[in-house]
Amino acid sequence: MLDMTPKEVMENRHITINPCKTCEPVGAMFCALGVESCMPHSHGSQGCCSYHRTVLSRHFKEPAMASSSSFTEGASVFGGRSNLNTAAKNIFDIYNPDIIAVHTTCLSETIGDDVGSYISDMEIPDGKTVLYASTPSYEGSHIQGFSNMMIGFMKYMTKKNGEKAGKTAIFPGWVNPGDDRELKRMAELMGVDYIYFPDHEGILETPMTGKYKYFPKGIGTSAKDIQELGSVKKLIALGQLTSVEPAEYLEKQHKVPFTLLPMPIGVSLTDKYLMALRDMSYQEIPQILENERGRLVDLMLDSHSYTYNKKAAIYGDPDIVYGFTSLCIEMGMIPKYVITGTPKASFVKQIKALFEENGMNSGKAVIKADTDLFYLHQLIKNEGVDILIGSSYGKQIAKAENIPMVRMGFPVLDRYGNTIQATVGYTGGIRYVEKITNVFMDRQDADSRDEDFDVVM
Ligand code: SF4
């Protein structure tokens, strides 16, 4: 397994091996699935659309619905205007969504298809919307595609309105449906009247009823809520790299001030989210949340002897990697390698600042953006770690180097139940402190001599 990975690190190689990201349209498709009665539409060839749907379906263990402009040779040479017109007509005739959210692919971007003008010339049925976002895959990652599609929705749907109502907008960033449920539960416990965008709760985790509905009513962010985003008094944007551009767009176009926060993972980052909610409602923190926080802190203290000074390699999307770096520091661990495949230079600055806030020396860690898992494997071959924390794509490294692994982030393709449970909030923290501690205890059991092997630990 990965026997040919050399120890010698090549810094300037012009190739990506075992990527730590997927392409922009995956993010655009995921974002659009979080809007009520919306069909994500891939403007390109069927192969791209199949790949994007497959990776989402395998992560969520649910069908990820989307349509395609189905480019063949003609559209690839002469442009995809007629393909898009035919596709939109067929989608409205057959599936009848309220919104079609078009994203581009490498092919349509390369030939320079002017999708904006195609849509403005299109005959769109009354009461329906067709919108689009540019998502060229040769820049950014699925995280950028997610941000671009959020902005696409706001560009086409959010109404100009100088009057500010009492609502708060919450942008959750790239999270699982279980996280959406938890973030909304916390907002409700704090008495915040909110608009939540996008919202995957109930969409990529459909309860088994025996009947499949393409567009279940009341599930996902409604068109009305997206229209009203321009009227909210304040925005809480979670995920410093995923939500910053949509937040800046809403501020620039609709004068909505925003608070940008990290993804609330662990104690201190969840505290920040809770304080931002309190600033919106001026309510006391309810006892139920205080108790959850207390249980998380207690669990960290109880398990500290198993996690203290353990070295971790954390990899994946930038915002969740930031959150898990903070959680590992809270658990007394040492984040040794902190990497993302997403090309955002500010990631490195943010992680270094996090180290400094916690009185740790970032110079002893390797922190890198726009890199791959081949590089991470080379680092580990030179100096090992006690645990890998990241997506399923690290499992070959875990097997090759015999290192325990905890799965988190996107995609998790080889485990069930992950996406319907929370990673964020105090409850998500409890879940992951348990997971991380238990892999260390399993390793201790597996490695211990018979005379040291004990039921009580
Ligand atoms: S060709 Fe581009 S858009 Fe299509 S799957 Fe590959 S990277 Fe993604």
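The values are calculated or read from the model by the stated rules, or taken from the named source; none is laboratory data. Source: prediction; values computed, not measured. We place every Cβ from the backbone using ideal geometry, glycine too, and count neighbours over all the protein chains shown.
Test residue 337 against the criterion of being in contact with a Leu (Cβ under 8 Å, 6 or more places away or on another chain), in contact (Cβ under 8 Å) with a residue 24 or more places away in the chain and assigned by TED's automatic domain parsing to the domain that holds residue 402, and give yes or no.
Values: in contact with a Leu (Cβ under 8 Å, 6 or more places away or on another chain): yes; in contact (Cβ under 8 Å) with a residue 24 or more places away in the chain: yes; assigned by TED's automatic domain parsing to the domain that holds residue 402: yes.
In short, yes.
Taking residues in region 360-379 that are touching a residue at least 40 places away in the same chain (Cβ under 8 Å), and partners anywhere that are charged (D, E, K, R), the pairs with Cβ atoms closer than 6 Å and at least 6 places apart or on different chains are 369/344.
Is it the case that region 193-210 has a residue that's surrounded by fewer than 18 Cβ atoms within 10 Å (Cβ to Cβ), in a helix (DSSP H, G or I) and modelled with pLDDT of 95 or more? Taking every residue of region 193-210 in turn, none turns out to be surrounded by fewer than 18 Cβ atoms within 10 Å (Cβ to Cβ), in a helix (DSSP H, G or I) and modelled with pLDDT of 95 or more.
Yes/no matrix, rows are residues, columns are (1) assigned to a loop (DSSP other than H, G, I, E, B); (2) within 14 Å of the ligand (Cβ to nearest atom); (3) hydroxyl-bearing (Ser, Thr, Tyr):
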| site | (1), (2), (3) |
| --- | --- |
| 90 | no, no, no |
| 107 | no, yes, no |
| 136 | yes, yes, no |
| 145 | no, yes, no |
| 166 | yes, no, no |
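The residue that is farthest from residue 435 (Cα to Cα), counting only those in region 316-346 that are more than 15 Å from the chain's Cα centre (by Cα) and assigned to a helix (DSSP H, G or I), is 346.
Every condition in (1) part of a helix (DSSP H, G or I); (2) crowded, with 23+ Cβ neighbours inside 10 Å; (3) among the aliphatic types (A, V, I, L, M) is met by residue 313 except one, and the failing one is (1).
Can you find a residue in region 373-390 that is hydroxyl-bearing (Ser, Thr, Tyr), at pLDDT 95 or above and within 17 Å of the chain's Cα centre (by Cα)?
No, region 373-390 contains no residue that is hydroxyl-bearing (Ser, Thr, Tyr), at pLDDT 95 or above and within 17 Å of the chain's Cα centre (by Cα).
Would you check if there is a residue in region 302-317 being under 30 Å from residue 158 (Cα atoms), of a type outside the set (Phe, Trp, Tyr) and modelled with pLDDT of 95 or more? Among the residues of region 302-317, at least one is under 30 Å from residue 158 (Cα atoms), of a type outside the set (Phe, Trp, Tyr) and modelled with pLDDT of 95 or more, which makes the answer yes. Take residue 82 and decide whether it is away from the ligand (no atom under 16 Å from the Cβ) and either outside any strand (DSSP E or B) or in contact with a Gly (Cβ under 6 Å, 6 or more places away or on another chain) (or both). In short, yes.
The residue list 91, 124 contains one member that is within 31 Å of the chain's Cα centre (by Cα), surrounded by fewer than 19 Cβ atoms within 10 Å (Cβ to Cβ), at pLDDT 95 or above and of a type in the set (A, V, I, L, M, F, W, C), which is 91. Meeting the requirement of 3 or more residues that are under 20 Å from the mean Cα position of the chain (by Cα), the helices (runs of 4 or more DSSP H) wholly within region 221-294 are 244-254, 266-281.
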